[in-house]
Amino acid sequence: MTSDALAPRADFPLLAAAPDLVYLDSAATAQKPRQVLDAITHYYTHANANPHRGAYALSGTATQAYHDARARIARFLGVADADTLIFTRGTTEGLNLLATAWGRANVRGGDNIVVTRLEHHANFVPWQQLARATGAEFRIAELDAAGGVDLAMLARLVDARTKVVAFGHVSNALGTINPVAQIVRIARGAGSALVVCDGAQAVPHLRVGVDTLGVDAYGFSGHKMGGPMGIGGLVARRALLEAMPPYQLGGDMIEWVHDQDTTWNVLPHKFEAGTPNVEGAVALAAACDYLDALGMDKVRAHEVALTSLAMRALAGIPGVALHGTARAEERSGVVSFSVADAHPHDVATALDAEGVAVRAGHHCAQPLMRALGVPSTVRASFWVYSGRDDVERLTAAVRSARDRFAIR
Amino acid sequence: MADAALDALYQEIILDHYRRPRNFRPLDGATCTADGKNPNCGDALTVWLKLDGDRVSDVTFQGVGCAISKASASLMTEAIKGKTRAEAVALFEQVRALVTGEAGTPARKDLGQLRALAGVSRFPMRVKCASLAWHAMKSAMDGAAGGGAAPSAGRVTPP
């Protein structure tokens, strides 16, 4: 079908079984390659036991599989110290871990927390609520005229009492790639803020070297990069993780439990209470193998080409307005748009009837929607299995939706 | 097939009420009001009611929403004006059955133009859109009766 797609559709069982489906909601969750599904089956067929517990060989196999998966994923992310990669359910849990464990111990009344207008609720609400709970001031860096974070304003907001600067690497709603190096420089300029980056929308699309970004903590989600749902991680500086109190308490995360006190296990176990998601880690490692075999540079080039094509095609439809930067090379594979008189939900329903699956809504970014002056948008997002014919079917379907809902 | 279902969903009555919603304004002298919000899509509307004893003497709405939620709200204002509370709530029950495609629900003649909402039953993900204004209407009435707000509605202003 999508002959110019980077990855063969046949690699993705769901897509192979639905040849007419144009799946353009990969920013919400990606479809899974067969290799990932096989890794799950293989784990449960050959290696399943509770890791770190049994004295028997099979438990050792499971422990090794979990350990190897962490090392593999760390390598994919450019993280040298694999034990600073804490497995979580996803980006949301990683950011909540930080805001709760680090935030409650370190933020006080009179401090402030700085986020940006582009944030997903997962990198907004935990910090907003931390500010409310501690009496800290919650500051929002607005957008500039080009639709990116207003860096001059960000520089004015960050001061000696700033305890956290939290920002997304790539906007989920608009696809905008933020200038991480500049933001980090600004965040480090005024004091001792914790610099937190939400990488959920970056890791599936860009070659990310977390160690080189200069941030203190970086969260990501496995299911957006071809891995299963329920696995992701938080990478943070070792000293930060060692100084932080634990987040959840229970099995595996303890060193010794006395009657009245407990000491904590070493990293990464200190932050991984309970039986871990070994299946998820192993399958996510398989997703990393898959992406490395494709080559992240090729993934990036493919998405820029497709995004650029989609932006030109959609902008050519009278009544369609694109949101976000006009430069495709400053986006991940996301095009967010509005269709004249049509509500995004109605557009999505009409597109679905043509087999085109897009997201309509506020994209878990209501503060951003307010700034854009719309309640919601339509979002088409691409990944490795997307191709030119997907863009063509999208464009045709948007055209007929525009006609259907036009106010005459 | 898909297009036929889509045409049934977005039939002319629905699109007409979407483009030219009736009673689309705040209501002076309203005796009760309630908001309806759909957290999934960010749609929000407000319904105002003027209750004259047990009877709805006037009803209006305003807000942002898709064609389905706006048309359903607009049709609702026309349908319940002049009805008693019990009649309005009974109508809600019939509309709910209609849009969810509850088995054995005939398209009742006395639903009038509301029958245009029948197409929603083929789109389970849009039932919430069609029900939004009705939930708000019921919350407003419950609030007026001292019954408190339904979970789907935010604010209820007693008279």
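Here are the numbers for the structure shown:
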| read-out | value |
| --- | --- |
| Of residues in the range B:30-56 being surrounded by 14 or more Cβ atoms within 10 Å (Cβ to Cβ) and in a loop (DSSP other than H, G, I, E, B), the one farthest from the other protein chains (Cβ to nearest Cβ) | B:Thr31 |
| Identity of the residue in the range A:335-366, more than 7 Å from every other protein chain (Cβ to nearest Cβ) and of a type in the set (Val, Ile, Thr), that ends up nearest to B:Asp43 (Cα to Cα) | A:Val347 |
| The range A:341-375: number of residues that are in contact (Cβ under 8 Å) with a residue 24 or more places away in the chain and at positive phi | 3 |
| Enumeration of residues in the range A:381-408 that are of a type in the set (S, T, N, Q) and away from chain B (no Cβ under 11 Å) | A:Ser381, A:Ser386, A:Thr395 |
| Positions within the range A:196-215 being buried (at least 23 other Cβ atoms within 10 Å of the Cβ) and either without any contact (Cβ under 8 Å) to a residue 40 or more places away in the chain or aromatic (Phe, Trp, Tyr) (or both), in sequence order | A:Cys197, A:Val215 |
| Any hit, the range A:322-333, residues being in contact with a helix residue (DSSP H, G or I) (Cβ under 7 Å, 6 or more places away or on another chain), more than 13 Å from chain B (Cβ to nearest Cβ), at positive phi and open to solvent by 40 Å² or more (accessible area, probe 1.4 Å) | no |
| Residue satisfying all of: in the range A:1-50; acidic (Asp, Glu) and in a helix (DSSP H, G or I); surrounded by the most Cβ atoms within 10 Å (Cβ to Cβ) among these | A:Asp11 |
| Listing of helices (runs of 4 or more DSSP H) fully contained in the range A:123-217 that carry 1 or more residues being under 23 Å from A:His302 (Cβ atoms) | A:180-189, A:210-213 |
| Residue within the range A:127-138 that is in contact with a Ser or Thr (Cβ under 8 Å, 6 or more places away or on another chain) and open to solvent by 40 Å² or more (accessible area, probe 1.4 Å) present | no |
| One residue from A:Asn112, A:Asn106, A:Asn123 being over 21 Å from the mean Cα position of the chain (by Cα), at pLDDT 95 or above and open to solvent by less than 40 Å² (accessible area, probe 1.4 Å) | A:Asn112 |
| Filter result (of a type in the set (A, V, I, L, M, F, W, C), in contact with a strand residue (DSSP E or B) (Cβ under 8 Å, 6 or more places away or on another chain) and open to solvent by less than 30 Å² (accessible area, probe 1.4 Å)) within the range A:245-283 | A:Met253, A:Leu267, A:Phe271, A:Ala281 |
| Condition broken by A:Thr41, with the remaining ones in (1) over 30 Å from A:Lys270 (Cα atoms); (2) at pLDDT 95 or above satisfied | (1) |
| Close pairs from the range B:1-29: first within 10 Å of another protein chain (Cβ to nearest Cβ), partner open to solvent by 60 Å² or more (accessible area, probe 1.4 Å) and part of a helix (DSSP H, G or I), Cβ under 6 Å, at least 6 apart | B:Ala5/B:Arg122 |
| Selection from the range B:86-101 of residues that are of a type in the set (Asp, Glu) and in contact with a helix residue (DSSP H, G or I) (Cβ under 9 Å, 6 or more places away or on another chain) | B:Glu87 |
| Residue match in the range B:77-90 (condition: part of a loop (DSSP other than H, G, I, E, B) and in contact with a Ser or Thr (Cβ under 6 Å, 6 or more places away or on another chain)) | no |
| Unmet criterion (only one of (1) out of contact with any helix residue (DSSP H, G or I) (no Cβ under 7 Å at 6 or more places or on another chain); (2) modelled with pLDDT of 95 or more) for A:Ala350 | (1) |
| Within the range A:249-278, tally of residues that are touching a residue at least 40 places away in the same chain (Cβ under 8 Å) and part of a loop (DSSP other than H, G, I, E, B) | 8 |
| Meets criteria (outside any loop (DSSP other than H, G, I, E, B) and out of contact with any strand residue (DSSP E or B) (no Cβ under 7 Å at 6 or more places or on another chain)) for A:Ala74 | no |
| Tally of residues being at pLDDT 95 or above, closer than 29 Å to A:Ala173 by Cβ and of a type in the set (S, T, N, Q) across the range B:8-57 | 1 |
| Lone unmet requirement of (1) open to solvent by 30 Å² or more (accessible area, probe 1.4 Å); (2) under 18 Å from the mean Cα position of the chain (by Cα) for A:Phe76 | (1) |
| Filter result for A:Thr92 (of a type in the set (Val, Ile, Thr), assigned to a helix (DSSP H, G or I), under 27 Å from A:Ser336 (Cβ atoms) and not assigned by TED's automatic domain parsing to the domain that holds A:Cys364) | yes |
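The values are calculated or read from the model by the stated rules, or taken from the named source; none is laboratory data. Computed from a predicted model, the values in this text were never measured in an experiment. Quick reminder, even Gly has a Cβ in these numbers, built from the backbone with ideal geometry, and neighbours come from all protein chains shown. Side chains included, ligands, DNA and RNA excluded: accessible areas come from the protein's heavy atoms. Shrake-Rupley method; radii C 1.70, N 1.55, O 1.52, S 1.80 Å.
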